[in-house]
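Enquirer: Attaching a single structure in structure tokens format; questions to follow.
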Amino acid sequence: MGRSFSTWLRKRLIREHRAKIIILGLDAAGKTTLTRYLKQNEFSSPQPTVGQNIEVIRHRNWNLTAIDVAGQRHFRFLWDTHYRGVSGVIFVVDASDSFRFEEARAVMIEHLFENEFLKTCPILIIANKQDLAGSVPAATLIQALGLHIDLTQHTFQIFGCSILHGSGIEESLDWLISRME
Ligand code: G3D
């Protein structure tokens with residue numbers, strides 16, 4: 001499928017309130033928990049993802065095909081196969097795990113900022129696990145991940161969330177779809 005056909009299809013689907021979104025982040029950030037939460041509207045502890053999970057999620061009057069790709073280093077090459085036709089990106093960060101912020105930043109630079117396919121996609125960053133003591137608030141995470149330096153060419157927003165408590169998720173998804181329209 002050529003790039004122009006892919007762009008045409010993406011725009012047409014968006015007019016019909018349908019879109020493909022991709023959920024990325026390091027392993028254990030909460031990607032699968034988020035995907036399940038969006039599907040079932042409740043928290044459940046998942047099994048680790050092998051490969052990817054694909055779910056159709058209904059949010060407001062949108063149908064979102066969400067692709068949750070395994071975050072372990074040896075699965076990250078698989079991310080490349082999903083970028084075409086994506087209208088929005090969710091990048092989940094475990095805001096309580098400051099030891100991995102540097103790794104998260106490196107992955108964002110490699111897979112998001114230098115990615116031809118995602119140049120025009122809005123990027124929603126979820127600072128997850130706000131319920132845990134020691135988790136970093138969204139504003140601090142922007143600095144810790146260097147987003148104010150690296151993300152100047154992209155439309156992005158960061159939301160502090162706890163999937164466990166169901167807080168921050170609705171608003172963050174509202175922002176994403178508002179930027180895809
Ligand atoms: P991944 O898909 O990014 O690899 P998972 O991550 O969705 O498998 O989640 C990893 C662990 O984080 C899971 O715990 C999950 O329950 C937990 N988790 C996800 N979101 C939250 C949250 O908002 N708060 C807290 N406290 N924990 C969360 P286990 O114990 O199954 O490894």
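The values are calculated or read from the model by the stated rules, or taken from the named source; none is laboratory data. This is a predicted model, so every value here is computed, not measured. Positions of Cβ are generated from backbone atoms using ideal geometry, with glycine treated the same way; all protein chains shown enter the neighbour counts.
Enquirer: Filter the stretch 128-144 for residues that are surrounded by 14 or more Cβ atoms within 10 Å (Cβ to Cβ) and more than 16 Å from the ligand (Cβ to nearest atom) and give the result.
Expert: Listed by number, the residues that qualify are Thr140, Ile142, Ala144.
Enquirer: Quick test for you: out of Ala19, Ala66, pick the one residue that is away from the ligand (no atom under 16 Å from the Cβ), within 22 Å of Gly168 (Cβ to Cβ), outside any helix (DSSP H, G or I) and not β-branched (Val, Ile, Thr).
Expert: Values: Ala66 fails: away from the ligand (no atom under 16 Å from the Cβ).
None of the other options fit; the residue is Ala19.
Enquirer: Applying the selection to the stretch 112-141, what residues are assigned to a helix (DSSP H, G or I), touching a helix residue (DSSP H, G or I) at 6+ places or on another chain (Cβ under 8 Å) and at pLDDT 90 or above?
Expert: The answer is Leu141, and nothing else.
Enquirer: Just to be sure I understand, how many residues within the stretch 84-111 are within 21 Å of Ile57 (Cβ to Cβ) and either touching a Cys at 6+ places or on another chain (Cβ under 9 Å) or part of a helix (DSSP H, G or I) (or both)? Steps first, answer last, please.
Expert: So in the stretch 84-111, the residues within 21 Å of Ile57 (Cβ to Cβ) come out as 84-93.
Cutting the leftovers down to either touching a Cys at 6+ places or on another chain (Cβ under 9 Å) or part of a helix (DSSP H, G or I) (or both) gives us 86-89, 92.
Going through the stretch 84-111 one residue at a time, the tally reaches 5.
Enquirer: While we're on this one: Hey, could you check the stretch 99-108 for residues that are without any contact (Cβ under 8 Å) to a residue 60 or more places away in the chain and either among the acidic types (Asp, Glu) or out of contact with any helix residue (DSSP H, G or I) (no Cβ under 6 Å at 6 or more places or on another chain) (or both) and say which is farthest from Tyr83 (Cα to Cα)?
Expert: Pass one, the stretch 99-108, residues without any contact (Cβ under 8 Å) to a residue 60 or more places away in the chain: 99, 101-102, 105-106, 108.
Going one step further and asking which of them are either among the acidic types (Asp, Glu) or out of contact with any helix residue (DSSP H, G or I) (no Cβ under 6 Å at 6 or more places or on another chain) (or both), we end up with 99, 102, 105-106, 108.
Values: Phe99: 28, Glu102: 23, Arg105: 19, Ala106: 18, Met108: 14 Å.
Among those that are without any contact (Cβ under 8 Å) to a residue 60 or more places away in the chain and either among the acidic types (Asp, Glu) or out of contact with any helix residue (DSSP H, G or I) (no Cβ under 6 Å at 6 or more places or on another chain) (or both), it is Phe99.
Enquirer: Could you check how many residues of the stretch 142-169 are in a helix (DSSP H, G or I) and at pLDDT 95 or above?
Expert: Residues that pass the stated criteria total 1.
Enquirer: Then there's this: Quick check on my filter: what residues within the stretch 67-83 are among the acidic types (Asp, Glu) and buried (at least 17 other Cβ atoms within 10 Å of the Cβ)?
Expert: Asp68
Enquirer: What is the number of the single condition among (1) touching a residue at least 24 places away in the same chain (Cβ under 8 Å); (2) within 13 Å of the ligand (Cβ to nearest atom); (3) not hydrophobic (A, V, I, L, M, F, W, C) that Gly85 does not meet?
Expert: With (1) touching a residue at least 24 places away in the same chain (Cβ under 8 Å); (2) within 13 Å of the ligand (Cβ to nearest atom); (3) not hydrophobic (A, V, I, L, M, F, W, C) applied to Gly85, the lone miss is (2).
Enquirer: Sticking with this one: Listed residues Ile163, Ile90, Ile125; which is free of Cβ contacts under 8 Å to residues at least 60 places away in the same chain and buried (at least 19 other Cβ atoms within 10 Å of the Cβ)?
Expert: After applying the criteria, what remains is Ile125.
Enquirer: Taking into account only those residues within the stretch 88-127 that are within 15 Å of the ligand (Cβ to nearest atom) and acidic (Asp, Glu), which is nearest to His165 (Cα to Cα)?
Expert: Filtering the stretch 88-127 for residues that are within 15 Å of the ligand (Cβ to nearest atom) and acidic (Asp, Glu), the one nearest to His165 (Cα to Cα) comes out as Asp94.
Enquirer: Select from the stretch 66-108 the residues that are touching an Asp or Glu at 6+ places or on another chain (Cβ under 6 Å) and within 26 Å of Arg179 (Cβ to Cβ) and list them in ascending order.
Expert: Of everything in the stretch 66-108, those that are touching an Asp or Glu at 6+ places or on another chain (Cβ under 6 Å) and within 26 Å of Arg179 (Cβ to Cβ) turn out to be Ala66, Gly71.
Enquirer: Hey, could you check the stretch 22-31 for residues that are near the ligand (Cβ under 6 Å from one of its atoms) and under 11 Å from the mean Cα position of the chain (by Cα) and say which is surrounded by the most Cβ atoms within 10 Å (Cβ to Cβ)?
Expert: Among residues in the stretch 22-31 that are near the ligand (Cβ under 6 Å from one of its atoms) and under 11 Å from the mean Cα position of the chain (by Cα), the one surrounded by the most Cβ atoms within 10 Å (Cβ to Cβ) is Lys31.
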